[in-house]
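Comments concern the structure below.
Any read-out appearing in this document is the output of simple, stated calculations on the displayed coordinates, not a laboratory observation. Since the structure is predicted, the reported quantities are computational estimates derived from the model, not experimental observations. Note that we place each Cβ from the backbone using ideal geometry, even for glycine, and neighbour counts take in every protein chain shown.
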Amino acid sequence: MRIGTAEARRGGVAKGYMDLVSFPTGGTEKAPVMVARGDEDGPTLWLTANVHGNEVAGIPVVHRTVTEELAERIRGTVVGVVTLNPSGLRSAERTSHYDARDPNRLFPDFRGERATKSTQEIINGKVFRHIDRTADALIDLHCSNVGSVPFSILDRLLVDEEERDEDTRSLVERRDALADAFGFAPVHGSGVERTVEEELHRSLSGACMNAARIPAFTAELGSDYIVESDVVEGAVVGVRNMMRELGMLDGEHENVPHVGEVPDGFPVRRTSLWSPVSGLLRQRVEPGDVVREGEAVAEVTDSFGETKHVVEANRDGWVTSFQLGMGVEEGSLVCYYAERAEDDAVNTYG
């Protein structure tokens, strides 16, 4: 298999680059790629990292997974993209040099392409064509924010009414089985309106599910900007378990270390809690704690520590992370929250 300049022979690893865009003064922005190919044919699993330049923990997961040792053991191929956002990696910025918008909202739209595209959309389209051509499954490696618990995001599948069939249900079931094997707590994507409004269906994993019908999900590997080695260790084990689920790797599933249990076992949907007042944030619970509807999650105080507002959980759920810092302005984020939700992962749109 050849991805960019990386062409892996059976039983080995190839390293090379995908060309992304030419610089005005000469030279080319490139994404480093590692490809491990087994002796036997089998599925192709893609591991992508660092689409947000400040989210770096996925990089060592790729390095530790795509190895000569792995190539000697697997059936099929593992493609690891070390960074999807080289300019963001260089500057430690979430966005890229090529677009002020979130680069993980600029992958192909299942509703059709726009006539005019930004440079970042062109870059993402080039990468996505490789994925669409070769991938049988994909995991996009991200980080949330400082202090976050690790978890996985399961994107919504948006379909027309006539598309709600066995094929779409099977796609979701295959994705869910891979996420279960990976072992991080699964959190369903935001509601349909928020998904479309914030273009979450144009994230890489969202585009894989909605535009290419490739089973995919996003893994959030704890804090951004830094590498938490225990979470990386858990992710590497989780990826091996995914390969076993795909029939690429022999052996029993391993226990995924350092990620904890799924809180309470109930299905949850990703959302946020916000403050209606300005002040200083005081946490009442910790990331990962299970809270019940109406329970205090945080309070906002004045400059002297007097309570101005108590932020309560809208539904049963658990906190994944709090905002960075103490200063809270009216209408600003307090924490990311996974709320209890029984809704379907396949949703009619349009």
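3J(HN,Hα) along region 16-32: x, 9, 9, 6, 9, 7, 7, 7, x, 9, x, x, 9, 6, 10, 9, x Hz, from the Karplus curve 6.51 cos²θ - 1.76 cosθ + 1.60 with θ = phi - 60°, whole Hz, x for Gly and Pro. Taken along the Cα-to-beta-carbon direction at a fixed 7 Å, the label points for residue 40 and residue 132 span 3.2 nm.
Each of 196, 149 was scored by other Cβ atoms within 10 Å of its Cβ. Arranged with the fewest first, they read 196, 149.
The calculated FRET efficiency for residue 64 paired with residue 117, based on their beta-carbon distance and R0 = 35 Å, is about 0.50.
For region 83-178, chymotrypsin sites (Phe, Trp or Tyr not before Pro) are listed when DSSP marks them as loop and at most 11 other Cβ atoms sit within 10 Å of their Cβ; the list is empty. The listed peptides 180-193, 295-308, ordered by packing as a protection proxy, come out as 180-193, 295-308 (highest mean of other Cβ atoms within 10 Å first). For the Cα atoms of the chain, what angle does the longest principal axis make with the long axis of helix 119-134, in degrees from 0 to 90, nearest 10? On a 0 to 90 degree scale, this one is about 60. Counted residue by residue at 0.36 nm each, then reduced by the alpha carbon distance between them, the extension gain from residue 28 to residue 312 reaches 97.3 nm. Each label point was placed 7 Å from the Cα along the Cα-to-Cβ direction; for residue 266 and residue 91 their separation is 4.3 nm. Principal axis extents of the Cα atoms in the chain, from largest to smallest and rounded to whole angstrom, are 65, 52, 45.
Using 1/(1 + (r/R0)^6) with R0 = 35 angstrom and r between the beta carbons of residue 250 and residue 342, what's the FRET efficiency to the nearest 0.05? Efficiency at R0 = 35 Å is approximately 0.40.
Taking amide hydrogens as placed 1.01 Å from N in the peptide plane, the amide H of residue 332 sits under 5 Å from those of 275, each at least 5 positions away in sequence or on another chain. Compared with the direct C-alpha span, the chain from residue 160 to residue 194 gains 10.5 nm at full extension, assuming 0.36 nm per residue. For the chain, what number of Lys pairs, 8 or more residues apart or on separate chains, have alpha-carbon atoms under 28 Å from each other? Lysine pairs meeting both conditions in the chain amount to 5. Against the compact-protein benchmark of 2.2 N^0.38 Å, the Cα-based radius of gyration of region 59-203 scales to 1.14.
Amide H to amide H, with H built 1.01 Å from N, residue 137 comes under 5 Å of 44, 46, counting only residues 5 or more places away or on other chains. For the chain, the longest principal axis of the alpha carbon atoms and the long axis of helix 229-245 meet at an angle near 50°.
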